[in-house]
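The values are calculated or read from the model by the stated rules, or taken from the named source; none is laboratory data. Please read these numbers as outputs of a predicted model, since none were measured by experiment. Every residue, glycine as well, gets a Cβ built from its backbone with ideal geometry; the counts of neighbours run over all protein chains shown.
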Amino acid sequence: MMLIAAGWIGVLLIGGGIALDRTLTNLVERNFDEQLEYILTAMIGSAEIESGGEVYFNRILGDQRFLEPNSGLYWQISGEGYEPYPSRSLWDRTLRLQGDHFDDEAHFYDSAQFEGEPLRMVERSVILPNSDTRWTFAVASATDALEDQITEIRSILIWSFAIVGLGLFLMTLFQIRYGLSPLRRVRAAIQKLRTTGENRITEPLPTEVEPLVQELNELLAHSERQAEEARTHAGNLAHALKTPLTVLTNAATARDPRLDDLVFRETRSMQRHVDHHLARARAVGRRSTGRSRAEVWPSVESVLRAVTRIHQGVRFDLAGNKDARVAIERQDLDEILGNLVENAAKYGGGSVFVTVDAEPENEQFVIWVEDDGTGIPEAERERIFDRGVRLDTGKPGTGLGLAIVRDVAEIYGGNVSLQSSEDLGGLLVRLALPRALQNESS
């Protein structure tokens, strides 16, 4: 910011200085020329023709420098057939005029005819009354005074613009430091978080950085929630594995003859617990991308084909919106639907009905999975989502299917609930997931 500010200040001041220098220089030069033209006009107004045809002045020109030799201010009158009539200040010198043409108006030009004394000259051609001769009136002035004025003006401009540039740069430096001071306060607040162990920025800060502080606090809260989730699920996994490991350790120590069966059963249980927590961890990782999209109909068809091979005697029906999309990864959607459909086929009476986008007017996308089994008592519908809870212990399972469904759905901002099926008479599982925007691809 400082380099950009310094660059722009320099460019603007240099450009403005050059423009102002040209303007003032032109004004000084124009004023110098106007003074010469004023003298020339006075000469012409005072000139008359004497009886011998020579030119003379009926009054003396007022500037004393015309009487001082080599004073730097000269005049001269020239006419064809007559000797030049010079001012006394020319002494023994003569001005070389450009009088080979007729100038109705004043003609200005520079001349270097006198060594070491550059001249600014103005001349004009006039035919005086009572004379047929073309007389050329000329006034010349040394440009030393003009150059001195221009040099003084440029010196003033350079020093003035240098002081202005330095002042602007210092003002910009102060403005930047003052303007960025809230960010330094934010940095200090973040350093305080690391050193004091606080988890929020609470000190009052300027309005301009409040949105940044709010987003930072939200980020801290999000990180805290993720850390808490990680600790919770690490503890849950450790607790879930602790009991099977204890059983196996005790059986091995006691040389239990059923050790083979115990190892098979308990390792299977541990595998399901590990799969559950890995599924949740994958869902959390995919959710962080914020671009999850999945087509529902192909996922349901894929799940039904897989479950049909396992439960060949079960009838599966599918209906609903074939073009629907949800904001969830396809692998996680398959995991959820696989658990729901497999539970319906396992615990139902032989019929499973899946409805895609069952509540199209709902803000969230709703999928119904119904069966014709005995259902679940209303008092048990909340407890069934707890890990390891099984109401029908006569069929194989670990009681983790619905827990996985609930956890993964909630990670994506959805939910799952249990109701009674009006059509089939069994259980209806209502799965709600966030809809994907229609203008985004899956």
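Taking the criterion of being in contact (Cβ under 8 Å) with a residue 40 or more places away in the chain and over 22 Å from residue 375 (Cβ atoms), no residue of the stretch 302-319 qualifies.
Considering 49, 44, 4, 18, the condition of being more than 29 Å from residue 151 (Cβ to Cβ), without any contact (Cβ under 8 Å) to a residue 40 or more places away in the chain and of a type in the set (A, V, I, L, M, F, W, C) is satisfied by 4 alone.
One residue alone among 190, 156, 163, 127 is farther than 21 Å from residue 9 by Cα and not assigned by TED's automatic domain parsing to the domain that holds residue 28, and that residue is 190. The residue that is nearest to residue 140 (Cα to Cα), among those in the stretch 21-35 that are touching a residue at least 60 places away in the same chain (Cβ under 8 Å) and aliphatic (A, V, I, L, M), is 28.
Per-residue answers, yes or no, for (1) assigned to a loop (DSSP other than H, G, I, E, B); (2) closer than 30 Å to residue 103 by Cα; (3) touching a Cys at 6+ places or on another chain (Cβ under 9 Å):
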| position | (1), (2), (3) |
| --- | --- |
| 133 | yes, yes, no |
| 159 | no, no, no |
| 165 | no, no, no |
| 179 | no, no, no |
| 188 | no, no, no |
| 198 | yes, no, no |
| 225 | no, no, no |
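Taken over the stretch 333-348, the criterion of being hydroxyl-bearing (Ser, Thr, Tyr) and at pLDDT 90 or above is satisfied by no residue. Contact map, the stretch 349-365: residues that are at pLDDT below 90 paired with residues that are of a type in the set (Phe, Trp, Tyr) and crowded, with 20+ Cβ neighbours inside 10 Å, Cβ distance under 6 Å, separation 6+ or inter-chain. Pairs shown: 358/368. Does residue 125 count as part of a strand (DSSP E or B), in contact (Cβ under 8 Å) with a residue 24 or more places away in the chain and not basic (Lys, Arg)? Judged against the criteria, residue 125 is a match.
Which members of the stretch 200-223 meet the condition of being part of a helix (DSSP H, G or I) and hydroxyl-bearing (Ser, Thr, Tyr)? Those that are part of a helix (DSSP H, G or I) and hydroxyl-bearing (Ser, Thr, Tyr): 207, 223.
Filtered by the rule that a residue be buried (at least 18 other Cβ atoms within 10 Å of the Cβ) and polar (S, T, N, Q), the stretch 82-111 gives 87, 89. Within the stretch 23-68, take every residue that is within 20 Å of residue 108 (Cβ to Cβ) and part of a loop (DSSP other than H, G, I, E, B) and give me the one that is modelled with the highest pLDDT. Among those residues, the one meeting the criterion is 63.
Does residue 243 satisfy the criteria of being assigned to a helix (DSSP H, G or I), modelled with pLDDT of 75 or more and either β-branched (Val, Ile, Thr) or farther than 19 Å from residue 404 by Cβ (or both)? In short, no. Determine, yes or no, whether residue 68 is of a type in the set (Asp, Glu) and in contact with a helix residue (DSSP H, G or I) (Cβ under 6 Å, 6 or more places away or on another chain). When the stated conditions are applied, residue 68 passes them. Against the list (1) part of a helix (DSSP H, G or I); (2) closer than 30 Å to residue 154 by Cα, the condition residue 74 fails is (1). Only one of the numbered conditions (1) within 16 Å of residue 120 (Cβ to Cβ); (2) surrounded by 14 or more Cβ atoms within 10 Å (Cβ to Cβ); (3) modelled with pLDDT under 90 is violated by residue 79, and that is (1).
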